[in-house]
Amino acid sequence: MSIETQLKAVIREVPDFPIPGINFKDISPIFLDPLLMQDVIRALVNEWQGKGITKVIGIDSRGFLFGPQLAQELGAGFVMVRKKGKLPPETISVSYSLEYGEATLESVVDSIQPGDKVIVHDDLLATGGTARAAALLAQKLGAEVLGFSFLVHLSFLEGEAKVKEASSNIHALVTY
Ligand code: AMP
């Protein structure tokens, strides 16, 4: 069975969460199945191996679930990009709008150096504002963004167009 079929079988859809009109994709059942977790990691790693990636940028908070292991398997560092006020100084920030609401992302300034080749990783690409903000943070710190790694891509929200400004190398295991 393909990884896409396996994931579609377990990802739970929650209508009208966290606000009316949003069809929330709940990836937490993946973590009840250790073999599936392994398959997910393998599929994520396969896409990026041998590309000289030095850092994986994981987005708060579900980008922290597979991000560190993805980084480890690629022989890269892992960097947390977090919501405002969670990281100690010195940080830089970017504000953006998301599928539901407004937010600010921050990164610790010395976590990324000029010359780093990074990918941005999160659970899901919706409108693309979050991933684009994370890519912008990495670029502000001098990194080259080689691409984006997601578990899920909600293609009907056209987030691809937004993140393409940073890199057109966009990979997701499941597309709706
Ligand atoms: P966006 O900036 O619109 O691409 O939103 C992506 C971020 O919001 C990711 O960190 C997701 O975890 C979360 N998100 C947005 N829409 C959904 C959804 N329908 N189901 C689950 N998470 C979502």
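The values are calculated or read from the model by the stated rules, or taken from the named source; none is laboratory data. No experiment lies behind these values; they were computed from the predicted model shown. Reconstructed Cβ throughout: ideal geometry from the backbone, glycine too, with neighbour counts over all protein chains shown. When the accessible area is computed, the model is the full protein with side chains, heavy atoms only, and any ligands, DNA or RNA have been set aside. Shrake-Rupley method; radii C 1.70, N 1.55, O 1.52, S 1.80 Å.
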*Carbon and sulfur: what percent of the chain's accessible surface (1.4 Å probe)?*
52 percent
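Under the rule of -39500 (n - 2.57) per DSSP H run of 4 or more residues, summed and divided by the residues of the chain, what mean residue ellipticity at 222 nm is obtained, to the nearest 500 deg cm²/dmol? The partial results should precede the final answer.
Numbers: 5 runs with 52 residues, N = 176.
Here the helix-only value at 222 nm equals -9000 deg cm²/dmol.
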*Where the centroid of each part is defined by its Cα atoms, how far is the stretch 1-27 from the stretch 55-89 in Å?*
22 Å
*Just G63, G21, G142 to compare: in a GNM of the chain, with alpha carbon springs under 10 Å, which one fluctuates most?*
G21
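Tell me, what is the FRET efficiency for F31 and F156 to the nearest 0.05, using R0 = 41 angstrom and their Cβ-Cβ distance as r?
On the way: r = 26 Å, r/R0 = 0.64.
It comes to 0.95.
For the stretch 29-170, with every protein chain kept in place, what is the accessible area per residue (1.4 Å probe, Å²)?
Value for the stretch 29-170: 45 Å² per residue.
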_Need one number: the % of Cα-Cα pairs in the stretch 1-133 sitting beyond the 21 Å mark._
47 percent
*What are the residues whose amide H is under 5 Å from the amide H of L125, where those residues sit 5 or more places off or on another chain and H is modelled from the backbone?*
V152, H153, L154
*Quick one: longest stretch of the chain between exposed loop GluC sites (Glu not before Pro), exposed meaning at most 15 other C-beta atoms within 10 Å and loop per DSSP?*
1-89
*Extreme residue, positive dipole direction of the chain, given options S2, Q139, S28 (C-beta unit charges)*: Q139
*Springs between alpha-carbon atoms under 10 Å, Gaussian network over the chain: tell me which of I22, I41, I30 tops the mean-square fluctuations.*
I22
*Once the Cβ-Cβ distance between K86 and N23 is put in as r, and R0 is 25 Å, what FRET efficiency do you end up with, to the nearest 0.05?*
0.40
